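*Asks:* Supplied in structure tokens, the structure appears directly below.
The values are calculated or read from the model by the stated rules, or taken from the named source; none is laboratory data. Keep in mind the model is a prediction, meaning the values are calculated, not measured. Cβ atoms come from the backbone with ideal geometry, glycine included; neighbour counts cover every protein chain shown. For accessibility, only protein heavy atoms count, side chains too; no ligands or nucleic acids. Shrake-Rupley method; radii C 1.70, N 1.55, O 1.52, S 1.80 Å.
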Amino acid sequence: MTTTTITTARRGGAWLLDDVPPAESFTPERMSEEQRLIDQTTREFVVNEVVTQNDRLETKDWDLARRLLRRCGELGLLGTDVPEEYGGIALDKVSAAIVAGRLGQSGSFSTTFGAQTGLAILPIRMFGTADQKRRYLPKLVTGEWVGAYCLSEAGSGSDALGAKTRAVRRPDGSFVLNGEKMWISNGGFADLYVVFAKVDGEHFTAFLVERGFEGVSSGAEEHKMGLAGSSTTPVILQDARVPAENLLGEIGKGHKVAFNVLNYGRFKLGAATVGSSQAAIGEAARYAAQRRQFGQPIASFGAIKHKLGEMTVRAYAIESMVFRTAGLIDGALEDHAAEDDDALLAALEEYAVESSILKVAGSEILNYILDENIQIHGGNGYVKDYPAERHYRDSRVNRIFEGTNEINRLLIPGMLVRRAVRGQLPLIQAARDLQDELLSPPPLDTGGDGHLAAQAGAVGMFKKAGLAVLGLTMQTYGEKLTDQQELLSFTADILIDAYAAESMVHRARQAHDGGAGTADLQADAARAFVSDAAGRIDGAARSALAAMAEGDALRTHLAALRRLLKVPPVNTVAIRRRLADQTVERTGYIF
């Protein structure tokens with residue numbers, strides 16, 4: 001399809017080391033007309049056909065869930081990542097992010113949808129044989145069949161490769177599977193399961209297992225904190241017979257299937273939080289405008305304006321990051337055919353760091369926004385008469401889904417280090433060069449010219465702070481770096497803030513240069529985020545440095561950090577008030 005893509009292909013993680021031009025970041029304002037039509041179609045479907053059914057879905061009406069999936073199939077929403085020859089519509093990743101974002105407004109059905117499109121369809125599309133694709137993708141793309149993904153077990157959540165489910169080869173080439181998978185989305189009514197098991201107890205492998213196969217059953221529905229309108233059950237395999245032709249990928253290569261599907265799942269989860277965040281801001285703004293206390297709307301109170309303003313800033317942050325990352329993936333795929341599975345796989349691997357950033361940032365930003373939505377609603381937010389409490393409960397699992405946020409915080413710097421060691425990213429030399437720069441007499445240049453110059457300079461310093469901490473951690477611990485989980489987490493927090501800040505500044509600069517009507521408000525959001533991020537980065541960096549050095553060495557590192565983080569203060573009170581006033585006036589998210 002026609003789309004505005006980023007023509008300069010960059011390596012994943014290269015933004016940390018390079019001075020990236022703002023024009024290389026894709027933004028929502030650069031959507032094509034076709035993408036805007038997809039947005040409109042999906043939004044109308046969600047508002048008119050899904051959100052209105054939330055209460056019925058929570059009664060475990062799985063026939064309704066299946067009908068909604070079939071309706072998604074009719075609209076083409078299940079086939080966004082599937083080539084046309086298998087019934088899909090092969091959209092670009094910006095469009096896929098748009099669809100995921102709009103569906104994110106309905107937590108339960110978004111989970112059902114995500115399990116179908118990201119966790120069931122994608123592994124078959126990327127790793128399936130031509131026969132497997134012909135047999136299964138058309139049914140999944142239309143919604144005739146429902147799919148599920150069976151990776152986790154009671155004793156192996158984050159440690160996926162520690163799975164105990166076994167697969168034994170029979171003389172005829174088929175397999176017998178035994179084990180129990182846990183917390184399976186769509187588990188209660190799926191027709192097809194992507195199941196991971198160890199062949200002969202050793203070789204981690206993926207299989208396509210139909211519900212109708214002998215020995216396959218699902219257990220009772222879990223009683224969950226949230227997402228009551230999505231099915232979550234164990235999947236039980238008792239001497240389950242799986243034909244040889246249902247081996248997915250190669251024996252012993254199941255980790256490639258599992259982890260690459262999770263890369264895309266993290267990207268999609270980040271995208272889903274965009275729609276959830278924006279919808280909650282609309283709810284909060286409307287309630288604050290009509291709820292009166294002490295003779296006036298609570299929207300007029302400074303404390304409420306602070307909340308609405310900060311909710312808007314953070315929603316702008318995750319939206320900017322998601323579409324920037326989608327643009328990067330599309331740029332990597334630009335010269336490849338839609339059915340090129342290897343190209344898609346390579347692109348998802350390339351931007352695995354960014355996908356983990358989106359997963360962590362999106363889930364935590366959404367958690368903040370929904371918590372503040374309840375607070376703005378007061379007592380009404382705590383009862384089921386208003387949707388605020390359901391949104392809050394539904395969102396909590398996002399910090400566990402697709403690898404916990406703790407695991408992803410370890411992955412973000414860990415993947416960068418592995419790329420550096422393999423020579424794929426000049427991280428080690430860049431860290432050495434930065435160390436020399438920090439020890440040299442001339443002050444670092446934090447200035448520059450043009451719109452948001454101070455914030456652009458600050459972003460450069462944020463990236464250097466992250467590089468300095470990561471470089472010192474690598475130098476201090478070497479091969480034992482993976483044991484320093486606290487330091488890796490501090491580093492991840494710095495990198496997340498740096499990527500968010502740069503994405504926002506790039507977008508706001510493009511809005512200014514393009515004369516967008518919201519350009520001034522976008523600049524406000526970027527200024528507020530950068531100002532607050534400086535404090536967070538300073539705290540994380542100081543904690544990391546104090547864990548690695550003491551005495552004169554620590555004082556030297558802290559002096560260098562002070563040089564890096566000279567960020568001019570801005571009046572964030574006034575900024576948040578302006579953003580809040582516009583949010584209330586427009587009764588929702590303003591960008």
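*Asks:* Roughly how compact is the chain, stated as its Cα Rg over 2.2 N^0.38 Å to two decimals?
*Replies:* Details: Rg = 24.1 Å, N = 591, 2.2 N^0.38 = 24.9 Å.
It is 0.97.
*Asks:* Run through all the Cα pairs of the stretch 126-188 and give the fraction in each 5 Å bin from 0, expressed as whole percent.
*Replies:* Bin by bin from 0 Å, the calculated values are 4, 15, 15, 18, 22, 19, 7, 0.
*Asks:* Return the ratio Rg/(2.2 N^0.38 Å) for the stretch 510-562, where Rg is computed over Cα atoms only.
*Replies:* My calculation over the Cα atoms of the stretch 510-562 gives 1.75.
*Asks:* Distance cut-off 20 Å, Cα to Cα: go down the list Lys93/Lys359; Lys198/Lys253; Lys139/Lys181 and report the pairs above it.
*Replies:* Long pairs (Cα-Cα over 20 Å): Lys139/Lys181.
*Asks:* Provide the convex hull volume over Cα atoms per residue for the stretch 489-591, in Å³.
*Replies:* About 104 Å³ per residue, rounded to a whole number.
*Asks:* Right, another one. Where only protein heavy atoms count, and the probe is 1.4 Å, what is the accessible area per residue for the stretch 395-552 in Å²?
*Replies:* 42
*Asks:* If you roll a 1.4 angstrom probe over the protein chains with everything in place, what fraction of the accessible area of the stretch 132-273 belongs to carbon and sulfur, to the nearest %?
*Replies:* 50
*Asks:* Please report the relative contact order for the stretch 451-591, taking Cα pairs under 8 Å with a sequence separation of at least 6, and give it as a percent rounded to a whole number.
*Replies:* Reported as a whole number, the value is 33 percent.
*Asks:* Could you tell me which of Ala519, Phe45, Leu370 has its Cα farthest along the dipole of the chain towards the positive end, charges placed at Cβ (Lys, Arg +1; Asp, Glu -1), taken about the Cα centre?
*Replies:* Farthest along the dipole direction, towards plus: Leu370.
*Asks:* Now a separate question. Suppose a student asked you for the relative contact order of the chain, using Cα pairs under 8 Å spaced at least 6 residues apart; what percent would you report?
*Replies:* In percent, rounded to a whole number, it is 16.
*Asks:* Under the 0.36 nm per residue contour assumption, what length would be gained going from the current alpha-carbon distance of Glu334 and Glu349 to full extension?
*Replies:* The span from Glu334 to Glu349 would gain 3.8 nm if fully extended.
*Asks:* Mind checking the full-extension length gain between Glu180 and Thr129? Use 0.36 nm per residue of separation minus the Cα-Cα distance, one decimal, nm. Spell out each step's value before the answer.
*Replies:* Numbers: separation 51, 0.36 × 51 = 18.36 nm, distance 2.61 nm.
Stretched out fully, the Glu180 to Thr129 stretch lengthens by 15.7 nm.
*Asks:* Sticking with this structure for a sec: Report, in cubic angstrom per residue, the convex hull volume of the C-alpha atoms of the stretch 75-175. Each step should come with its number before you reach the end.
*Replies:* Numbers: hull volume 13.5 nm³, N = 101.
About 134 Å³ per residue, rounded to a whole number.
*Asks:* Can you compute log10 of I(q)/I(0) for the stretch 195-259 with the Debye formula, treating each Cα as one identical point scatterer, at q = 0.12, 0.23, 0.24, 0.28 Å⁻¹?
*Replies:* Results for the stretch 195-259 at q = 0.12, 0.23, 0.24, 0.28 Å⁻¹ read -0.39, -0.99, -1.02, -1.14.
*Asks:* Which value, in debye to the nearest 20, describes the size of the charge dipole of the stretch 54-168 about its Cα centre when Lys and Arg Cβ atoms bear +1, Asp and Glu Cβ atoms bear -1, and nothing else is charged? Numbers along the way, then the final one.
*Replies:* On the way: 15 positive and 13 negative charges, 40 e Å.
Result for the stretch 54-168 is approximately 200 debye, rounded to the nearest 20.
*Asks:* Would you compute, for the Cα atoms of the stretch 265-383, the largest minus smallest coordinate along each principal axis and list the three values in descending order, in whole Å?
*Replies:* Result, largest extent first: 62, 23, 20 Å.
*Asks:* Within a Cβ distance under 15 Å of Pro28, other residues only, what is the Lys/Arg minus Asp/Glu net charge?
*Replies:* +1
*Asks:* Still on this structure, please answer the following. Using a 1.4 angstrom probe on the protein heavy atoms only, could you order Phe294, Phe490 from most to least accessible area?
*Replies:* Phe294, Phe490
*Asks:* Within the stretch 537-571, list the residues whose amide N lies under 16 Å from a label point set 7 Å along Cα→Cβ of Asp483.
*Replies:* Under 16 Å, as judged by backbone N against the label point of Asp483, lie 548 of the stretch 537-571.
*Asks:* Taking R0 as 51 Å, what FRET efficiency do you get between Arg241 and Glu34 from their Cβ-Cβ distance, rounded to the nearest 0.05?
*Replies:* So, using R0 = 51 Å, E works out to roughly 0.65.
*Asks:* Label points 7 Å out from Cα along the Cβ direction at Ala220 and Asp19: separation in nm?
*Replies:* Each label point lies 7 Å from its Cα, and together they span 6.4 nm.
*Asks:* Based on the mean of other beta carbon atoms within 10 Å per residue, what is the order of 391-401, 305-315, most packed first?
*Replies:* On the way: 391-401: 20.6, 305-315: 24.1.
Going by the mean number of other Cβ atoms within 10 Å, highest first, we get 305-315, 391-401.
*Asks:* With +1 on each Lys and Arg Cβ and -1 on each Asp and Glu Cβ, and nothing else charged, work out how big the dipole of the stretch 9-64 is about its Cα centre, in Debye to the nearest 20.
*Replies:* Rounded to the nearest 20 debye, it is 200 debye.
*Asks:* Leaving out ligands, DNA and RNA, and with a 1.4 Å probe, what % of the accessible surface on the stretch 347-388 is carbon or sulfur?
*Replies:* Percent of accessible area from carbon and sulfur atoms in the stretch 347-388: 45.
*Asks:* Okay, moving on. Which whole-number percent gives the relative contact order of the stretch 214-343, counting Cα pairs below 8 Å spaced six or more residues apart?
*Replies:* Computed over the stretch 214-343, the figure is 16 percent.
*Asks:* Sticking with this one: Which value, in debye to the nearest 20, gives the size of the charge dipole of the chain about its Cα centre, when Lys and Arg are +1 and Asp and Glu are -1 at the Cβ?
*Replies:* 1180
*Asks:* Stokes-Einstein D for the stretch 12-99 at 25 °C, 0.890 mPa s, Kirkwood Rh over Cα pairs, in µm²/s?
*Replies:* D, rounded to a whole number, is 159 µm²/s.
*Asks:* Right, something else. For the ranges 261-272, 135-146, 217-228, what's the packing order if you count other beta-carbon atoms within 10 Å of each residue, average per peptide, and put the highest first?
*Replies:* Working: 261-272: 28.1, 135-146: 20.8, 217-228: 15.5.
Top of the packing list down: 261-272, 135-146, 217-228.
*Asks:* Which net charge results for the neighbourhood of Ser356, defined as the other residues with beta-carbon distances under 15 angstrom from its beta-carbon, given Lys and Arg at +1 and Asp and Glu at -1?
*Replies:* Counting the neighbours of Ser356, the net charge comes to 0.
*Asks:* Leaving out ligands, DNA and RNA, and with a 1.4 Å probe, what % of the accessible surface on the stretch 449-591 is carbon or sulfur?
*Replies:* 48
*Asks:* Give me Rg/Rg_expected for the stretch 328-367, where Rg uses Cα atoms only and Rg_expected = 2.2 N^0.38 Å with N residues. Intermediate values should be presented prior to the final figure.
*Replies:* Details: Rg = 12.6 Å, N = 40, 2.2 N^0.38 = 8.9 Å.
So the Cα radius of gyration is 1.41 times the expected 2.2 N^0.38 Å.
*Asks:* Compute the length gained on full extension between Ala574 and Arg286: take 0.36 nm times their separation in residues and subtract their Cα-Cα distance, giving the result in nm to one decimal. Don't jump to the answer; show the numbers that get you there.
*Replies:* Working: separation 288, 0.36 × 288 = 103.68 nm, distance 2.11 nm.
Stretched out fully, the Ala574 to Arg286 stretch lengthens by 101.6 nm.
*Asks:* Further question: Tell me which of Leu161, Met31, Met225 sits at the most positive position along the dipole axis of the chain, charges placed on C-beta atoms (Lys, Arg +1; Asp, Glu -1).
*Replies:* It is Met225, whose Cα lies furthest towards the positive end.
*Asks:* Net charge near Gly118: determine it from the other residues with C-beta under 11 Å of the C-beta of Gly118, scoring Lys and Arg +1 and Asp and Glu -1. Intermediate values should be presented prior to the final figure.
*Replies:* Details: positive: Arg125, Arg266, Lys268; negative: Asp81, Glu402.
So the environment of Gly118 carries a net charge of +1.
*Asks:* If I take all pairs of Cα atoms in the stretch 1-151, what percentage of them are more than 20 Å from each other?
*Replies:* Details: 6075 of 11325 pairs.
It works out to 54 percent of all Cα pairs.
*Asks:* Here's something else I'd like to know. Using the charge dipole of the stretch 245-386 (Lys, Arg: +1 at Cβ; Asp, Glu: -1 at Cβ; taken about the Cα centre), state which of Gly270, His306, Ala346 has its Cα farthest towards the positive end.
*Replies:* Farthest along the dipole direction, towards plus: His306.
*Asks:* Moving to a separate point now. Rg/Rh for the stretch 346-485: what does it come to with C-alpha atoms and Rh from Kirkwood?
*Replies:* Working: Rg = 20.2 Å, Rh = 18.3 Å.
Expressed as Rg/Rh, it is 1.10.
*Asks:* In addition: In nm, to one decimal, how far is the modelled label at His203 from the one at Arg71, with both set 7 Å along Cα→Cβ?
*Replies:* 4.6
*Asks:* Something else about it: Helix-only mean residue ellipticity at 222 nm, the chain, DSSP H runs n ≥ 4 weighted -39,500 (n - 2.57), per residue, nearest 500. What is it? Don't skip to the end; give the middle numbers.
*Replies:* Numbers: 19 runs with 324 residues, N = 591.
Per the formula, -18500 deg cm²/dmol.
*Asks:* Give the accessible surface of the stretch 1-126 per residue, rounded to a whole number of Å², with probe radius 1.4 Å and ligands, DNA and RNA excluded. Walk me through the intermediate numbers first.
*Replies:* Numbers: 4700 Å² over 126 residues.
Roughly 37 Å² per residue, with all protein chains present.
*Asks:* Scanning the chain for helices, which whole DSSP H stretches are 27 Å or more long along the axis (Cα) and average 0.0 or more by Kyte-Doolittle?
*Replies:* Values: long enough: 254-290 (54 Å, 0.06); 302-333 (46 Å, 0.42); 352-377 (37 Å, 0.39); 453-477 (36 Å, 0.72); 485-513 (42 Å, -0.12); 519-548 (42 Å, 0.31).
Answer set is 254-290, 302-333, 352-377, 453-477, 519-548.
*Asks:* Straight-line reach only, C-alpha to C-alpha below 22 angstrom: list the lysines that Lys480 could link to, leaving out same-chain residues fewer than 8 apart.
*Replies:* none
*Asks:* Now for a separate question. Ranked highest first by average number of other Cβ atoms within 10 Å, how do 497-504, 152-159 line up?
*Replies:* 497-504, 152-159
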